[in-house]
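Written below as structure tokens is the structure these notes are about.
Nothing in this text is a laboratory measurement; each read-out follows from the coordinates by a stated rule. Being a predicted model, the structure only gives us computed values, none of them experimental. All Cβ positions, even for glycine, are placed from backbone atoms using ideal geometry, and neighbour counts span all protein chains on display.
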Amino acid sequence: MNVKIEDSWKSVLGTEFDKEYFIKLTDFVRNEYISGKTVYPAPANIFNAFNLCPFDKVKVVIIGQDPYHEPGQAHGLCFSVQDGVALPPSLKNIYQEIENDLGHKSITSGDLTAWATQGVLLLNSTLTVQAHTAASHAGKGWEQFTDAIIRALSARKNLVYLLWGSYAQKKAEIVNNSENLVLKSVHPSPLSAYRGFFGNKQFSKTNQYLVAHNYEPINW
């Protein structure tokens, strides 16, 4: 299939796009968009995380569940919202932990494009969603596709995986834990942030690991 995704990812994923599950997935997603339903993100942004962060540039992987499902929010990067949109509660807590950990305020916009272009793959497990309906595109094949992405990345060494919450932590099973840094904590949601997200110091730990392995640290 002729999928419009950044060339390095297209090369690494190889025949994934021709597998039966992916063909069924693209038929489903296409029909959702043309049916008159409101689906997020905009079609051009479905693969935004990959287009902004080529395979060989990835240094850090953050895994979310599915895109935000309210107007103006989702643009293909997990936890990120478009500039000018109010910060979602989880992102507010992420910024608060960055300030607590590193001693400086993070960017005030909710657009995390600057992270992506530095090598942070902001990967949702499901890449599309119907408006106002969380997890509405779960179980349609996206999870199999994003698992293939994590397996491809696991062939590389010295990456950092930030796994927040039980859903993301399930992905640890397909990460090469012995040759990468895997940091886990509860989700930054207001329901759980005070049970271990605040104080986890994962942003400084990430940068310490990157510097130790000859990578530029992330400017959070």
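Taking every DSSP beta bridge that has both residues in the chain, what percent is antiparallel when rounded to the nearest 5? All intermediate terms of the calculation are to be shown ahead of the outcome.
Working: 3 of 16 bridges.
Of those bridges, close to 20 percent are antiparallel.
Can you compute 3J(HN,Hα) from phi for each residue in segment 207-220, using the Karplus curve 6.51 cos²θ - 1.76 cosθ + 1.60 with θ = phi - 60°, rounded to whole Hz and x for Gly and Pro?
Coupling constants for segment 207-220: 5, 4, 5, 4, 4, 5, 10, 6, 9, 5, x, 7, 8, 6 Hz.
Starting from the exponent 0.38 and prefactor 2.2 Å, build the expected Rg for segment 95-162 from its residue count and divide its actual Cα Rg by it. Don't jump to the answer; show the numbers that get you there.
Numbers: Rg = 15.4 Å, N = 68, 2.2 N^0.38 = 10.9 Å.
Dividing the Cα radius of gyration by 2.2 N^0.38 Å gives 1.40.
Restricting the calculation to Cα positions, tell me the Rg (one decimal) and the Dmax (whole number) of segment 39-91 in Å.
11.4, 33
For the pairs 57/105; 37/57; 140/205, note any where the Cα-Cα span goes beyond 29 Å.
The pairs that break the limit, which is 29 Å between Cα atoms, are 37/57; 140/205.
Between residue 170 and residue 34, what is the spin-label point distance in nm, taking each point 7 Å from the Cα along the Cα→C-beta axis?
Between residue 170 and residue 34, the simple spin-label model gives 3.1 nm.
Please list, short to long, the whole-number percent of alpha-carbon pairs of segment 123-220 in consecutive 10 angstrom bins beginning at zero.
Spelled out bin by bin, segment 123-220 gives 14, 38, 36, 11, 0 percent.
To the nearest µm²/s, what D does Stokes-Einstein give for segment 49-129 at 25 °C and 0.890 mPa s, using the Kirkwood radius over alpha carbon pairs as Rh? Intermediate values should be presented prior to the final figure.
Details: Rh = 12.9 Å.
Taking Rh from Cα pairs, D becomes 190 µm²/s.
In whole angstrom, and with the biggest value first, how far do the Cα coordinates of the chain range along each principal axis?
48, 36, 27
Kindly work out what percent of the DSSP beta bridges joining two residues of segment 63-190 are antiparallel, to the nearest 5. Please report the intermediate quantities before stating the final value.
On the way: 1 of 8 bridges.
Percent antiparallel among DSSP bridges in segment 63-190 is about 10.
So what J values fall out for segment 141-149 if you push phi through Karplus, 6.51 cos²θ - 1.76 cosθ + 1.60 with θ = phi - 60°, rounded to Hz, Gly and Pro as x?
Result, rounded to whole Hz: x, 4, 4, 5, 5, 6, 5, 5, 5.
Compare the peptides 175-186, 49-60, 120-131 by average per-residue count of other Cβ atoms within 10 angstrom and give them in order, highest first.
Values: 175-186: 16.1, 49-60: 20.7, 120-131: 22.3.
Answer by packing, highest mean first, reads 120-131, 49-60, 175-186.
Two decimals, Cα atoms only, Kirkwood Rh: what is Rg/Rh over segment 1-76? Write out the running numbers ahead of the final one.
Values: Rg = 13.5 Å, Rh = 13.9 Å.
Rounded to two decimals, Rg over Rh is 0.97.
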